[in-house]
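The values are calculated or read from the model by the stated rules, or taken from the named source; none is laboratory data. All of these numbers come straight from a predicted model, not from anything done at the bench. When we count neighbours, we look across all protein chains shown, and the Cβ atoms used for this are built from the backbone with ideal geometry, even at glycine. We work out accessible area using only protein heavy atoms, side chains counted, and drop any ligands, DNA or RNA first. Shrake-Rupley method; radii C 1.70, N 1.55, O 1.52, S 1.80 Å.
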Amino acid sequence: MASSDFEGNKYRSFIYGEGEKDTQWRFGAPPNYDLVDELFEEGRTKEWPVGSLEEKVQRLVKTMEMELLHKIRSEDHKIINHENFRFSLNGRDGITHQDIRQMGGSYNAFLQTSLPEDLRIYDPARETAESSHKAFTRTFPRGFAFEILQVYSGPPTIVFKFRHWGYMEGPFKGHAPTGERVEFQGMAIFHVDEEMRVKKVEFFYERGDFLAGFLRGAPMGDASATTSRCPVATN
């Protein structure tokens, strides 16, 4: 997946190198994953050998999430087959990369909901790519780590179980930091082409279980904190 022209860090591809010299980054520069990688190494339950199917799938997912969040232009994405790409959450109809951009980025796509607005802990309809990133990096200053727990089938149809976690060390929508771990697990199906580019993504997880973790924080009584809306953290 990686080459000398498309360098990454030890868990992601396509961040540095000659192949990224013209990439337009959402926040002006390539992302730094040092803190979340440290969190990942401290809290992971599996350590997959380099080159194993599980390690390759884990790198694939982390790279895709990095590109969706941080690379502005579709032509800068190396891991996504944009002609065929569709993203689906919990059985919803698939959406394109352009749809994800229009709804405010990958955080909002991952937190889609049909709940009435007055029952939404987090409302993706009121978030932007910038506001979501700001909110979740404030709530999770060390990031939101991701690991593969099990891979059930390999390419071209990759089925796997995953775990996402972080520590609520910052406020979230008027709720004070707890310092506690916020975590969820789920299943996913990735359809890839012969070049291991992602054509279709299907995620399945319980959104409410994830967001309920934020409500354990005591109300802060700051109205401004409840209206600064934002989405989920880097992996």
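Can you give me the number of residues within segment 16-29 that are touching a helix residue (DSSP H, G or I) at 6+ places or on another chain (Cβ under 7 Å) and either closer than 18 Å to Met196 by Cβ or at pLDDT 95 or above (or both)? Looking only at that region, the number is 3. Scanning segment 73-105 for residues that are closer than 26 Å to Phe210 by Cα, open to solvent by 20 Å² or more (accessible area, probe 1.4 Å), in contact (Cβ under 8 Å) with a residue 60 or more places away in the chain and not charged (D, E, K, R) yields Asn90, Gly91, Gly94. Does any residue of segment 49-72 turn out to be more than 13 Å from Arg12 (Cα to Cα), open to solvent by 50 Å² or more (accessible area, probe 1.4 Å), touching a Gly at 6+ places or on another chain (Cβ under 6 Å) and not aromatic (Phe, Trp, Tyr)? So far as segment 49-72 goes, yes, one or more of its residues are more than 13 Å from Arg12 (Cα to Cα), open to solvent by 50 Å² or more (accessible area, probe 1.4 Å), touching a Gly at 6+ places or on another chain (Cβ under 6 Å) and not aromatic (Phe, Trp, Tyr).
Across segment 152-182, the qualifying residues are those that are without any contact (Cβ under 8 Å) to a residue 60 or more places away in the chain and of a type in the set (A, V, I, L, M), and the one among them that is surrounded by the fewest Cβ atoms within 10 Å (Cβ to Cβ) is Val159.
Of all residues in segment 183-225, those satisfying the criterion of being loosely packed, with under 15 Cβ neighbours inside 10 Å, among the hydrophobic types (A, V, I, L, M, F, W, C) and closer than 22 Å to Phe140 by Cα are Ala212, Leu215, Ala218, Ala223. Flag not set for Ser131, criterion: polar (S, T, N, Q), touching a helix residue (DSSP H, G or I) at 6+ places or on another chain (Cβ under 6 Å) and open to solvent by 10 Å² or more (accessible area, probe 1.4 Å).
Looking only at segment 41-51, which residues are assigned to a helix (DSSP H, G or I) and of a type outside the set (Asp, Glu)?
So the first thing to find is which residues in segment 41-51 are assigned to a helix (DSSP H, G or I), and the list is 41-43.
Matches in segment 41-51: Gly43 only.
Checked against the criterion of being part of a helix (DSSP H, G or I) and under 18 Å from Ile158 (Cα atoms), the candidates Glu54, Glu38, Glu67 yield just one match: Glu54. Going through segment 12-27 one residue at a time, which ones are closer than 30 Å to Arg181 by Cα and assigned to a loop (DSSP other than H, G, I, E, B)? Once the filter is applied, which keeps residues that are closer than 30 Å to Arg181 by Cα and assigned to a loop (DSSP other than H, G, I, E, B), segment 12-27 yields Arg12, Ser13, Phe14, Ile15, Arg26, Phe27. The residue that is modelled with the lowest pLDDT, among those in segment 73-85 that are assigned to a loop (DSSP other than H, G, I, E, B) and in contact with a helix residue (DSSP H, G or I) (Cβ under 9 Å, 6 or more places away or on another chain), is His82. Within segment 86-99, one or more residues are part of a helix (DSSP H, G or I) and either in contact with a Ser or Thr (Cβ under 7 Å, 6 or more places away or on another chain) or modelled with pLDDT of 90 or more (or both).
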